[in-house]
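Novice: Just passing along the structure, written as structure tokens.
The values are calculated or read from the model by the stated rules, or taken from the named source; none is laboratory data. Fair warning: this is a prediction, and the values are worked out from it, not measured in the lab. Reconstructed Cβ throughout: ideal geometry from the backbone, glycine too, with neighbour counts over all protein chains shown.
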Amino acid sequence: MPEEQIITKLCRDCGKTEPETKFSVTRRACDACRAKRIKWLRKHPEAPRRPKNEGRPEGDSKRCRRCGETKLIGQFPLRSRGVKHGGQCKICVHKRQARWLKDKRKRDGFGLHLMPENINELVKLDEGRILRRIEANSRRNSVTGCREWLTAKGRKGYGFIYIQAEEKWFQIPVHRVIASLFCGLDLRDGRQFSCHHCDNPCCNEPSHLFKGTAKDNSQDAKAKGRLRGNTKKRKPDD
């Protein structure tokens, strides 16, 4: 039987050629040298750490598996906890990510401008089922009278609901859906705002909402003392 070939690797610390089994998957120092260095660093915590990918020649290059060009190793993104370089260069990775994001937005309907033109009519036709879903996922506040959304919310507290239109699902704020049903708001027009009388972001009570513009929203916040730098309510003129 032919003898099995033993793959060796050069340790960057001791300079010895050791079998590859004595190295971790992505390390260039053998396990014995790494154990000694870790033990020494624990005794000397103020000692400077070794930079990542030290020991690799400055002019080392690599071939991108997507574009096929040979580039310097610094033009490849780091993988595996910042130790191993990826197989695709940074330019190809960025192009792939941008293409994926563009396809995702077209597929999932990200953004108001990607909604179908008849989204308002479709919401009107499915009004009964949508209102039942909103009622089932909301709770009435006995103190303020708000109907507060309980499930999916954004960072600012606004609730979101999924609406199906033309075999796609669109994530739309709940208060905008209610405003489109009761206040005549156009869901595709980002210049139309669904404002709250109660200043409760998760409220979807129709009587607490009104349609307005960005100017109306700012004036309402200013009158209630909610703008930055305006901590007190303005007193009416005598």
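Novice: Tell me, yes or no, whether region 45-56 has at least one residue that is part of a strand (DSSP E or B) and at pLDDT 70 or above.
Specialist: Filtering region 45-56 down to residues part of a strand (DSSP E or B) leaves none.
No, region 45-56 contains no residue that is part of a strand (DSSP E or B) and at pLDDT 70 or above.
Novice: Would you tally the residues in region 150-171 being closer than 17 Å to V123 by Cβ and either under 25 Å from the mean Cα position of the chain (by Cα) or not assigned by TED's automatic domain parsing to the domain that holds D126 (or both)? So that I can check it myself, show each step before the final result.
Specialist: First, the residues of region 150-171 that are closer than 17 Å to V123 by Cβ: 159-171.
Next cut, either under 25 Å from the mean Cα position of the chain (by Cα) or not assigned by TED's automatic domain parsing to the domain that holds D126 (or both) only: 159-165, 167-171.
Within region 150-171, residues that are closer than 17 Å to V123 by Cβ and either under 25 Å from the mean Cα position of the chain (by Cα) or not assigned by TED's automatic domain parsing to the domain that holds D126 (or both) number 12.
Novice: With the checklist (1) in contact with a helix residue (DSSP H, G or I) (Cβ under 6 Å, 6 or more places away or on another chain); (2) assigned to a strand (DSSP E or B) in hand, flag the one item L187 doesn't pass.
Specialist: (2)
Novice: Conditions: (1) farther than 24 Å from V143 by Cα; (2) touching a helix residue (DSSP H, G or I) at 6+ places or on another chain (Cβ under 7 Å); (3) in a helix (DSSP H, G or I). I178 meets all but one. Number of the miss?
Specialist: (1)
Novice: I'm trying to understand the selection: among the residues of region 19-34, which are in a loop (DSSP other than H, G, I, E, B) and at pLDDT 70 or above? Reasoning before the result, please.
Specialist: So in region 19-34, the residues in a loop (DSSP other than H, G, I, E, B) come out as 24-29.
Those that are in a loop (DSSP other than H, G, I, E, B) and at pLDDT 70 or above: R28, A29.
Novice: Could you check region 79-175 for strands (runs of 3 or more DSSP E) lying wholly inside it with 1 or more residues that are charged (D, E, K, R) and at pLDDT below 85? Break it down stepwise before answering.
Specialist: Values: elements: 138-140, 147-149, 160-165, 168-173.
Correct list: 168-173.
Novice: Name every residue in region 111-132 that is farther than 16 Å from D186 by Cα and either crowded, with 16+ Cβ neighbours inside 10 Å or hydrophobic (A, V, I, L, M, F, W, C) (or both), in order of residue number.
Specialist: I130, L131, listed by residue number.
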